[in-house]
Amino acid sequence: MPIDLPALVPVPRSLLPREGRFVVDADTVIVHDPELRAAALRLRDVLRPATGLEVPVVPRAAHEDAGACADHVHPGARAGDDARAATVSGGRIVFAVEEGLVDEGYRLEVAGEGILVSASAELGALRAVETLRQLLPDGVYRRGRLDGVVWSLPAVRIADGPAFAWRGLMLDVARHFFTVAEVLRLIDQLAVHKLNVLHLHLTDDQGWRLQIDRFPRLTGVGGWRPESQLGAPRGSAPDGRPHGGFYTADDAREIVAYAAGRGITVVPEIEMPGHVQAALAAYPELGVAGGVEAPWTSWGVNPKVLNLEESTVSFFCDVLDAVIDIFPSAYIGIGGDECPKTQWENDPRSRERMAELGVGSAHEAQSWFIHRIDAHLASRGRRSFGWDEILEGGLAPGATVASWRGTSGLVTAARAGHDAVACPEDVVYLDYRQSESADEPIPVSIVTDVERVYGFDPVPDELEPEHWARILGGQANLWTEHVEGVRRLDYMLFPRLSALAEVLWSGPGRDVDDFSARLSAHLGRLDALGIEYRPAAGPRPWQQIPSVPGRTFTREERAAQVAAQLAESAGTAPS
């Protein structure tokens, strides 16, 4: 009789079912090599709430007198390490170092007598923990004890590792703020799906969300707006309700540490030189002409930009120094997208400043600004990370490009010897509507459903193989003009984010029908996690928002809009 394969998401590279099951019970012990202690503790911590078990975690040396069981030793095990095999029998879960596995890769052997997790470093072992959780009953994801459940896993052999190094989600906390607790909840969801980057969009026209001690008005003034546009069409009426919030340095450090414990890097983003009205409300001297009283209350592209004075560059370098002191990420987001040039072109002082700098156009002025910021980040040992508009006027030497306007930014950056991350808006923008149905809540732009996300490939067809290594991976982007609160966040993210996670971990080009079958089982895990995902049949009644209008396009209309944006900057990007 054939053995059913467990419905894992993302699917592992290799999964072989075996006879038998392993039961986690009061006699189970977790044993670990010193290098993998954090992953062993993580497994203990995720098992405890639902099982009620206090599974001991002990160093491997404490069990070196156990009998041998060589059948479970991987060929890649370190020579002479007899204790590795010796500790897989008798209800033990063993975390053992195995040299030579890929970054974040792992091997997992589950048998009736024990479990062996092999990884070359902590990240691989953390990914194995998430696979182990998926092999257990769905109730393991609940936060309270469940009695009467047999916590057993099917016997399997798994060899696994990621297709891409960058597997991320961008969350916009500027348009609508999400609390520390809400961000930590999201981090747990990312960990379940083996995603490893949380890109936080911390500043924009509508709000500044990170406290900078040297410049307290950034959050004191820029962190709050008097109201918000209600609905997507231009000119929609405001809701009349103040909105705001921000993270203190300690808040941000908590988020960073919590994410690191789950193998996730937090990449902060500070927008410049456009999308800056919140900063201008706080410090009007940063602007080109005229002040503003508050962050912007509308959505869209704001014409206000930073001025080109040396003092403004220094201001943002100081801001980034504070960001660097909080966030250990190698990459620091600097925005660079949708920066209108009209103010620079029409302002006498800006034209004079461009002449002083020897730049011949407003596109070159933006490039000058980005180059200065890039150089400062490089001097602090970090790399700038910006949207594909930073290609306009010439790309800064250390910059990594997040390509959102199709694949052209990926191709241009990679051919020029720069790293890039794929996030094309027509495939992985998760604020876009999920069907043609009029019931979709505040429907925006084009239809992006689970199947379309699952068809994502971060490496463009037109890119030559010698440049493929420059594509670090991909990420979904969730802009939050119309996403207020975690229930709406859940609806927009899932199950589309589950599809993206599999593409980035397991690789693109897989069978969507097979994924759909596994996803049906995976929804039970999302239920246990308390995620209010969008059902395949459409939104539930309480997920609809019929009174708030959306703004939709056909795919052809949206493609024409993006083409027009690219045409506007044609000839300004390096070939």
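Read-outs: derived from the displayed coordinates by stated rules, not from any lab. Predicted model, so just to flag it, every value in this text is computed and none were measured. Don't worry about glycine lacking a Cβ; one is built from the backbone with ideal geometry, like all the others, and counts go over all protein chains shown.
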- Message: Please compute the modelled spin-label separation between GLU557 and GLU462, points set 7 Å along Cα→Cβ, answer in nm with one decimal.
- Response: 2.5 nm
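Taking the Cβ-Cβ separation of ASP239 and LEU5 as r and a Förster radius of 51 Å, what is the calculated FRET efficiency to the nearest 0.05?
Values: r = 49 Å, r/R0 = 0.95.
With R0 = 51 Å, the Cβ-Cβ based efficiency is 0.55.
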- Task: Please compute the net charge surrounding PRO303, taking Lys and Arg as +1 and Asp and Glu as -1 over other residues with Cβ under 13 Å from its Cβ.
- Result: -2
- Note on the structure: If the label point sits 7 Å along Cα→Cβ of GLU182, residues of the range 195-223 with amide N under 18 Å come out as 198-211, 223
- Cα extents of the range 369-515 along the three principal axes, largest first (Å): 49, 34, 24
- Note on the structure: One computes Rg over Rh for the chain from alpha-carbon atoms, with the Kirkwood Rh, and obtains 1.00
- Report the percentage of all Cα-Cα pairs in the range 15-63 whose separation exceeds 16 Å, rounded to a whole percent. 48 percent
- Message: Can you tell me the length gained on complete extension of the stretch ALA469 to GLN544, counting 0.36 nm per residue apart and subtracting the Cα distance?
- Response: 22.8 nm
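Once you list every other residue whose beta carbon is under 15 Å from the beta carbon of LEU146, what net charge do they have if Lys and Arg are +1 and Asp and Glu are -1?
Result for the neighbourhood of LEU146: +2.
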- Could you tally the net charge around VAL548, taking each other residue with its Cβ under 12 Å from the Cβ of VAL548, Lys/Arg +1 and Asp/Glu -1? -2
- Can you work out the PRE-style zone for ARG13? Point 7 Å along Cα to Cβ, and I want the residues of the range 148-176 with backbone N under 18 Å. 157-167
- Multiply the residue separation of GLU293 and SER311 by 0.36 nm, subtract the distance between their alpha-carbon atoms, and state the gained length in nm to one decimal. 4.3 nm
- Gap in Å between the Cα centre of the range 381-439 and the Cα centre of the range 182-207? 18 Å
- Note on the structure: Any GluC sites (Glu not before Pro) in the range 377-446 that lie in a DSSP loop and have at most 13 other Cβ atoms within 10 Å would be GLU436
- Message: I'd like the antiparallel share, as a percent to the nearest 5, of DSSP beta bridges with both residues in the chain.
- Response: 30 percent
- Query: What is the spin-label model distance, in nm, from ALA257 to LEU566 if the labels are put 7 Å beyond Cα along the C-beta direction?
  - Reply: 4.5 nm
- Which is farthest toward the positive dipole end of the chain among LEU186, LEU123, VAL421, measuring Cα position about the Cα centre, with Cβ charges +1 (Lys, Arg) and -1 (Asp, Glu)? LEU186
- Based on DSSP H runs of at least 4 residues, each adding -39500 (n - 2.57), what is the mean residue ellipticity at 222 nm of the chain after dividing by all its residues, to the nearest 500 deg cm²/dmol? -9500 deg cm²/dmol
- Message: Given the C-alpha atoms of the range 344-452, compute the convex hull and give its volume per residue in Å³.
- Response: 152 Å³
- Which whole-number percent gives the relative contact order of the chain, counting Cα pairs below 8 Å spaced six or more residues apart? 14 percent
- Note on the structure: Taking r as the C-beta separation of VAL58 and ARG383 and R0 as 41 Å, the FRET efficiency to the nearest 0.05 is 0.55
- Please express the Cα-Cα pair-distance distribution P(r) of the range 261-304 as a list of whole percents, one per 10 Å bin, running from 0 to the bin with the greatest distance. 25, 44, 15, 13, 3
